[in-house]
Amino acid sequence: PQTFYLKDYKPFGYEVESVKLTFQLSPNATKVHSAIRFTPKADAEDNRFFLHGEQLSLISAKIDGTPVTARLVDGGLECDVPRTSFLWEAEVEIDPAANTALEGLYMSNGMYCTQCEAEGFRKITYYPDRPDVMSTFTVRIEGDEPVMLSNGNPTGAGEGWAEWHDPWPKPAYLFALVAGDLVNHPGSFTTKSGKEVELNIWVRPGDEGKCAFGMEALKKSMKWDEDVYGLEYDLDLFNIVAVDDFNMGAMENKGLNIFNSSCVLASPETSTDANFERIEAIIAHEYFHNWTGNRITCRDWFQLCLKEGLTVFRDAQFTADMRSEPVKRIEDVIALRARQFPEDGGPLAHPPRPEEFQEINNFYTATVYEKGAEVIGMLKRLVGDDNYYKALNLYFERHDGQACTIEDWLKVFEDATGRDLSQFKLWYSQAGTPRVKVSEEYADGTYTLTFEQSTPPPPGQPEKAPRVIPIAVGLLSPNGDEVRATEVLELTEAKQSFTFDGLASKPVPSILREFSAPVILERETTNSERAFLLAHDTDPFNRWEAGNALAKEVRVAMVLDGAAPDAAYLDALEKLVRDDEQDPAFRALVLSPPSQSDIAQTLHERGHTPDPQKIYDAAETFTQTLAQQLETSLPRLYAATTVEGPYVPDADGAGKRALNSRILSLLTRLDGGEQAARQYASADNMTQQYAALAALMKAEKGEAQSKAFFEQWQDDRLVMDKWFALQIACAAPETTAATAKELTQHPLFSMKNPNRFRAVMGALAGNHAGFHHASGAGYQLLAENLIALDSVNPQTTARMCAAFQTWKRYDSKRQAQIQTELERILATSDLSRDTHEMVSRMLS
Ligand code: B3K
Ligand code: ZN
């Protein structure tokens, strides 16, 4: 397979003045006619006229009305063209019904829809399918579908046809078309300059009742982007469509966002609090792309984090504003450590701006998205809030309508602030998570913190140069008062010290407040100091972090030395959980144990080989001991945290319900499931129904409820995904693979629906002790299913291969088992380029 390199970038030799597309829809034989005006660039280095095209049947091609013969070459076509402006016309035929890869134009439940990012437009027609080629699109759709949509504004419609025009020049990856039997949930928004925007959420008949929350989220996003960034929407219409078969969460096509139905449809009966929060965030994310991604796009796909990191950063700011800032930060750090740290520390490590790829779809990763957002968070912290918004204003002013690079992005910060960002830029070009070792000294009222940074080079990559690391630090006195408010220390050297004078006694430091940099902090400290910070730190993130670090220490000691759960820690938890002054959401987070995979990662970082079964046993013992310790208070706590009254999916209620669910799961270990069964029977919302079912299934007492749940929800695809996943998530290690295997034989299991496939295989990979069970059955089952899926849907297959990325953490027997499976996948005939790249990287 061909490898593409950032260093090889060359602009396209032609301007695309305008694009006109006509679709004659037919499930197996859709005809696409394109009329594209090209003008050769006077200063072009390379005038080769090459158009991308894949899986197209070319019917005819013309230049200025005269038939021409195009040469079909690998990945597209070439043609001899005039040296002056000319009109290129082509007609192709495509087969949307056979398109199970869900890229290009495909069908989902009888409805036509598209997914073009990153390189799907070339499966629709011949085109320079690269993000730096921007043009206006006019689209005519012919067909007998009741609703036919494309980007921009509608310009005409009649029996069997509809026309659309998008006035904003855009790259082809933002093109979209949807046609089918759809109904809309309408809304409207008046922009700050008084423009009325029509809003719609389009769904299949029957789903109309699940749109209200998404619509509110959209309006809040539009308002927030005006208030915080001064950015206004730029068309008269904004459409969202829900699609059942979709490879990812959603897509920001100009004026026509397409969503995986799981990321937009919501109702209290069918969605949990976590679903509501996620839906709100994704709607915001896609909406925010209208400026960060669409109006200013990427020059090439190596720059992906330019739009994704920034848009994730913006959606996190939005969620923090709509809900709780500390809770959002804690959730994001949990997710970063669960998904990005393992990526950065394993064979799939790459910088936020990668420099080579074979298949760009493999780089829509936690590193590009989440680390990309962390890098922006650091930048904002280093330059300060005012400078950040000054730089962003300059970015929108200078680059509106352009396809940009990370260099352009950093330059606006340099120009707006006068700061030299050359060292900061290393965050974009170096892979790996820096480790920061801290030591301290106190003498005569002066306290010194010394930091040493290093980044273990990923295999085959050079030693890393020191980066700029903003470390937010506060100091507490031993009685718990804050004696130094948060200050950002800029670590720029490999080793560097910072002093604090005039202290009456040796302080307790609170380091890396708000998780001010995506690093692994290494500091020798005691459990009693951690407990002190858990009780007293004024930074809520670091309070949680202290509790989390304590929880990890206790687990690690249990796993390595067979120690009993630490009594002081249990006492601290008990005190916190009973403290009604504390935010319930915060208490729920502190009560949520670190994941077993996180413990495995921690053991690995400290040079031990993690034993998944031992980690599982320690988790079970710990939770059981905690339940017993809290025994007398659990019924009161359960009652006190139960939210009465009609369900409202707000942050406040969600926090209380999260705590209530944690308590219920502990209670279920002691009361034989009585309370959970009562909650299951009386629940009028999915959050409580699901929490009760999960508690019961975890305790192996949920058989009747699981049956009832199936009966009640078998016609709701999204709820059924929960049912599939939960059974695997709750299975004991020795039965996990068998449970998953049985579910792949269920009549409602399908390889063609990514949500269903992920529900089952994602849950298998997510059950740490079950997936890594010594029998190897988990590895085998996943590999078999990935091999089967690859010919159907390469993108989803390749993404899910990453479940194996941590394989070098484990013992030699497990490594050998996984290696066998990876080699088996690689040996599959006609393996997709996507999967081939992922597996080869993991084996290298
Ligand atoms: N930009 C899309 C992701 C496209 C993924 C293509 N494999 C969604 C988003 O980040 O908003
Ligand atoms: Zn995005």
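The values are calculated or read from the model by the stated rules, or taken from the named source; none is laboratory data. The model shown is predicted, which means the values in this text are computed figures rather than measured ones. FYI the Cβ positions are ideal-geometry reconstructions off the backbone, even for glycines, and counts take in every protein chain you see.
The set of residues from region 101-116 being more than 12 Å from ligand 1 (Cβ to nearest atom), of a type in the set (A, V, I, L, M) and within 25 Å of the chain's Cα centre (by Cα) comprises 105, 107. Scanning region 749-774 for residues that are surrounded by 24 or more Cβ atoms within 10 Å (Cβ to Cβ), within 23 Å of the chain's Cα centre (by Cα) and not in a helix (DSSP H, G or I) gives a single hit, 767. Restricting 138, 155, 125 to those that are in contact with a strand residue (DSSP E or B) (Cβ under 8 Å, 6 or more places away or on another chain), buried (at least 24 other Cβ atoms within 10 Å of the Cβ) and modelled with pLDDT of 95 or more reduces the list to 125. The requirement of being in contact (Cβ under 8 Å) with a residue 24 or more places away in the chain, within 18 Å of the chain's Cα centre (by Cα) and crowded, with 22+ Cβ neighbours inside 10 Å is fulfilled nowhere in region 294-301; no residue meets it. Do the conditions hold for residue 202, that is, is it touching a strand residue (DSSP E or B) at 6+ places or on another chain (Cβ under 8 Å) and closer than 30 Å to residue 351 by Cα? Here the answer is no, as residue 202 does not meet what is asked. Taken over region 349-360, the criterion of being surrounded by fewer than 23 Cβ atoms within 10 Å (Cβ to Cβ) and either charged (D, E, K, R) or within 16 Å of ligand 2 (Cβ to nearest atom) (or both) is satisfied by 355, 356, 359, 360.
For (1) out of contact with any Cys (no Cβ under 6 Å at 6 or more places or on another chain); (2) of a type in the set (A, V, I, L, M); (3) more than 26 Å from residue 173 (Cα to Cα); (4) within 16 Å of ligand 2 (Cβ to nearest atom), each residue gets a yes or a no:
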position	(1), (2), (3), (4)
271	yes, no, yes, no
278	yes, no, no, yes
284	yes, yes, no, yes
293	yes, no, no, yes
308	yes, no, no, yes
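Evaluation of residue 402 against the conditions (1) more than 19 Å from residue 489 (Cβ to Cβ); (2) in contact with a Leu (Cβ under 9 Å, 6 or more places away or on another chain); (3) surrounded by fewer than 18 Cβ atoms within 10 Å (Cβ to Cβ) shows that the sole unmet condition is (2). Within region 67-120, the set of residues being in a strand (DSSP E or B) and hydroxyl-bearing (Ser, Thr, Tyr) comprises 106, 108, 112, 114.
Among the residues of region 82-122, those that are surrounded by fewer than 19 Cβ atoms within 10 Å (Cβ to Cβ), of a type in the set (A, V, I, L, M) and in contact with a strand residue (DSSP E or B) (Cβ under 7 Å, 6 or more places away or on another chain) comprise 87, 97.
If I filter region 775-782 for residues that are at pLDDT 95 or above and surrounded by fewer than 16 Cβ atoms within 10 Å (Cβ to Cβ), do I get at least one hit? The answer is yes, given that some residue of region 775-782 is at pLDDT 95 or above and surrounded by fewer than 16 Cβ atoms within 10 Å (Cβ to Cβ).
Which residue out of 372, 401 is modelled with pLDDT of 95 or more and away from ligand 1 (no atom under 16 Å from the Cβ)? Only one candidate passes the filter, namely 401. Looking at (1) away from ligand 2 (no atom under 16 Å from the Cβ); (2) outside any strand (DSSP E or B), which one does residue 247 not meet, given that it meets all the others? With respect to (1) away from ligand 2 (no atom under 16 Å from the Cβ); (2) outside any strand (DSSP E or B), residue 247 is out only on (1). Against the test of being within 16 Å of ligand 2 (Cβ to nearest atom), in contact (Cβ under 8 Å) with a residue 12 or more places away in the chain and outside the structural domain of residue 458 (by TED's automatic domain parsing), the options 372, 346 yield a single qualifying residue, 372. Looking only at residues in region 223-272 that are touching an Asp or Glu at 6+ places or on another chain (Cβ under 9 Å) and of a type in the set (Phe, Trp, Tyr), the one that is nearest to residue 109 (Cα to Cα) is 259. Based on what the data block shows, is residue 575 out of contact with any strand residue (DSSP E or B) (no Cβ under 8 Å at 6 or more places or on another chain) and over 26 Å from residue 323 (Cα atoms)? Here the answer is no, as residue 575 does not meet what is asked.
Looking only at region 284-340, which residues are among the basic types (Lys, Arg) and part of a helix (DSSP H, G or I)? Across region 284-340, the qualifying residues are 307, 314, 328, 329, 337, 339. No other residue among 517, 557, 551, 535 is within 21 Å of residue 484 (Cβ to Cβ), assigned to a helix (DSSP H, G or I) and of a type in the set (A, V, I, L, M) apart from 535. For region 307-333, filtering for residues that are within 12 Å of ligand 1 (Cβ to nearest atom) and touching a helix residue (DSSP H, G or I) at 6+ places or on another chain (Cβ under 7 Å) leaves 7.
Taking the residues in region 419-437 that are assigned to a loop (DSSP other than H, G, I, E, B) and of a type in the set (A, V, I, L, M, F, W, C) as candidates, determine which candidate is farthest from the chain's Cα centre (by Cα). Of everything passing the filter in region 419-437, 421 is farthest from the chain's Cα centre (by Cα). For region 821-829, indicate whether the set of residues that are surrounded by 22 or more Cβ atoms within 10 Å (Cβ to Cβ), assigned to a helix (DSSP H, G or I) and more than 23 Å from the chain's Cα centre (by Cα) is non-empty. Yes, region 821-829 has at least one match. Got at least one residue in region 375-396 being in the same structural domain as residue 341 (by TED's automatic domain parsing), assigned to a loop (DSSP other than H, G, I, E, B) and within 30 Å of residue 130 (Cβ to Cβ)? No, region 375-396 contains no residue that is in the same structural domain as residue 341 (by TED's automatic domain parsing), assigned to a loop (DSSP other than H, G, I, E, B) and within 30 Å of residue 130 (Cβ to Cβ). If only residues of region 239-273 that are among the small types (Gly, Ala, Ser) and more than 18 Å from residue 206 (Cβ to Cβ) are counted, the one that is surrounded by the most Cβ atoms within 10 Å (Cβ to Cβ) is 255. Tell me which of these residue 736 doesn't satisfy, since it passes every other one: (1) hydroxyl-bearing (Ser, Thr, Tyr); (2) closer than 27 Å to residue 653 by Cβ; (3) surrounded by 23 or more Cβ atoms within 10 Å (Cβ to Cβ). Result: residue 736 fails condition (2) only. Evaluation of residue 293 against the conditions (1) more than 10 Å from ligand 1 (Cβ to nearest atom); (2) touching a Lys or Arg at 6+ places or on another chain (Cβ under 6 Å) shows that the sole unmet condition is (1). The set of residues from region 225-266 being more than 10 Å from ligand 1 (Cβ to nearest atom) and of a type in the set (D, E, K, R) comprises 225, 226, 227, 232, 234, 236, 244, 245, 254. For region 17-66, the set of residues classified as in a strand (DSSP E or B) and in contact with a helix residue (DSSP H, G or I) (Cβ under 9 Å, 6 or more places away or on another chain) consists of 19, 30, 51, 52, listed by residue number.
The one condition from (1) closer than 29 Å to residue 195 by Cβ; (2) buried (at least 24 other Cβ atoms within 10 Å of the Cβ); (3) within 11 Å of ligand 1 (Cβ to nearest atom) that residue 304 does not meet is (1). Residue 288 meets each of the listed conditions (1) of a type in the set (Phe, Trp, Tyr); (2) away from ligand 2 (no atom under 13 Å from the Cβ); (3) more than 19 Å from residue 134 (Cβ to Cβ) apart from (2).
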